[in-house]
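The values are calculated or read from the model by the stated rules, or taken from the named source; none is laboratory data. These numbers were taken from a predicted model, which means no experiment stands behind them. Cβ coordinates were reconstructed from backbone atoms using ideal geometry, including for glycine residues, and neighbour counts include every protein chain displayed. Each accessible area value is taken on the protein alone, full model and side chains, heavy atoms only, with ligands, DNA and RNA left out. Shrake-Rupley method; radii C 1.70, N 1.55, O 1.52, S 1.80 Å.
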Amino acid sequence: MVGNTPMVRINKISDETGCEILAKAEQCNGGGSVKDRAAFFLIKDALSKGQLSAGGTVVEGTAGNTGIGLAHMCLAMGFKCVIFMPNNQSKEKIDMLKTLGAIVNPVPVVPWDDPNNYNHQARRYAESLKNACWTNQFDNRANKLAHIETTGPEIWRETEGKVDAVTFGSGTGGTISGVGTFLKEKNSKIRVVLADPQGSVLYNYFKHGKLERIPGSSITEGIGQGRVTENMKDAPVDDAKAIMDVDAVNMTFRLLHEEGLFVGATTGLNVFSAYELAKEMGPGHTIVTCLCDTGHKYYARLFNRNVLKEMELLDKMPEIYHQYLHD
């Protein structure tokens, strides 16, 4: 149930731009997100290296979706699952992880270089146990390999090699780096474009060679970085786009209103980047991105009228989208 997800055409913006804007429907993975691919390869990597054996414990630091993928697979494969995550993530994700049998440890949000960062806490906890592994999604290149071996080949096959560009947001860097690496080997002219949210350093890193954050913090979850991960190192990124929350959120609701696609803000960011890229490249091109997961995990926040008002996003949203909000 991992991979071979449908490729869907985003009809209205494709028709508007004259490009084929396509997206891998990653919510169709068994665990409901693109991160199932990484989770599967991280567990396979631990098993192949002898870091994990029957009855062992998988430990990860995750903003949610990788943990959800790992929790599903741990149940199926007979492992325990322990998750450390930032305490600013949606309640829906935490509840889902607990329902899937994972032990969840929400911890305060601190930078990577702080020893109490959720990833470092996950590593230390795994080291304190016997027969346990920290899957280390950010710096374990098995994550990138998942997309070299699955997502990239699927995109190449499903577009019959006619893809002109791909664009993705980045948390760990596995998707954009792995897909980009595979596709560049097939055709070096394929453009690989990073979509980066507010508060992340990667836009300025790829555009200007500086690890400087885009101002602000983002409503998106699980993407944006303060550093270059091992998965992101040597990523064949040709360009980067800074995507503001207002554009990511409005595209999220446009996808719901026009296409019937109930998705989260990271998907909105991905598709808005593809939309901008289509206008930039001109008609006749094929641009691929992904629908990361569904909107269910973000219902309490992203689809809440009061939260959007507090974040000064509600007044910037077309009135027709307000019908999809709750109080």
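Annotations
- Pair list, Cβ < 6 Å and 6+ apart or interchain, from region 44-67 residues that are farther than 25 Å from residue 297 by Cβ to residues that are part of a loop (DSSP other than H, G, I, E, B) and of a type outside the set (Lys, Arg): 46/52; 53/131; 56/79; 56/131
- Filtered residues of region 60-85 (kept if within 19 Å of residue 223 (Cα to Cα), open to solvent by 10 Å² or more (accessible area, probe 1.4 Å) and outside any loop (DSSP other than H, G, I, E, B)): 65, 84
- Considering region 212-248, and only residues there that are outside any loop (DSSP other than H, G, I, E, B) and in contact with a Lys or Arg (Cβ under 8 Å, 6 or more places away or on another chain), the residue that is least open to solvent (accessible area, probe 1.4 Å) turns out to be 240.
- Each residue in region 193-232 was checked for being closer than 20 Å to residue 144 by Cβ and in contact with a Ser or Thr (Cβ under 8 Å, 6 or more places away or on another chain), and 14 of them qualify.
- The set of residues in region 1-24 that are open to solvent by 10 Å² or more (accessible area, probe 1.4 Å) and part of a loop (DSSP other than H, G, I, E, B) comprises 1, 2, 3, 4, 6, 18.
- At least 1 residues being free of Cβ contacts under 8 Å to residues at least 60 places away in the same chain, more than 15 Å from residue 219 (Cα to Cα) and open to solvent by 50 Å² or more (accessible area, probe 1.4 Å) is the threshold, and among the helices (runs of 4 or more DSSP H) wholly inside region 257-327 those reaching it are 265-281.
- Evaluation of residue 44 against (1) open to solvent by 20 Å² or more (accessible area, probe 1.4 Å); (2) assigned to a strand (DSSP E or B); (3) not polar (S, T, N, Q) (one fails), failing number: (2)
- Among (1) open to solvent by 10 Å² or more (accessible area, probe 1.4 Å); (2) of a type outside the set (Lys, Arg); (3) farther than 12 Å from residue 240 by Cα - the single one residue 169 does not satisfy: (3)
- Checking each residue in region 164-202 for being over 16 Å from the mean Cα position of the chain (by Cα) and either part of a helix (DSSP H, G or I) or of a type in the set (S, T, N, Q) (or both) picks out 181, 182, 183, 184, 185, 186, 187, 188.
- Within region 145-163, tally of residues that are part of a helix (DSSP H, G or I) and either free of Cβ contacts under 8 Å to residues at least 60 places away in the same chain or touching a Phe, Trp or Tyr at 6+ places or on another chain (Cβ under 9 Å) (or both): 12
- Residue match in region 25-38 (condition: under 19 Å from residue 123 (Cα atoms) and either without any contact (Cβ under 8 Å) to a residue 24 or more places away in the chain or open to solvent by 20 Å² or more (accessible area, probe 1.4 Å) (or both)): no
- Evaluation of residue 90 against the conditions (1) in contact with a Lys or Arg (Cβ under 9 Å, 6 or more places away or on another chain); (2) open to solvent by 30 Å² or more (accessible area, probe 1.4 Å); (3) under 29 Å from residue 235 (Cβ atoms) shows that the sole unmet condition is (2).
- Count of residues meeting criterion [assigned to a loop (DSSP other than H, G, I, E, B) and surrounded by fewer than 19 Cβ atoms within 10 Å (Cβ to Cβ)] in region 122-139: 5
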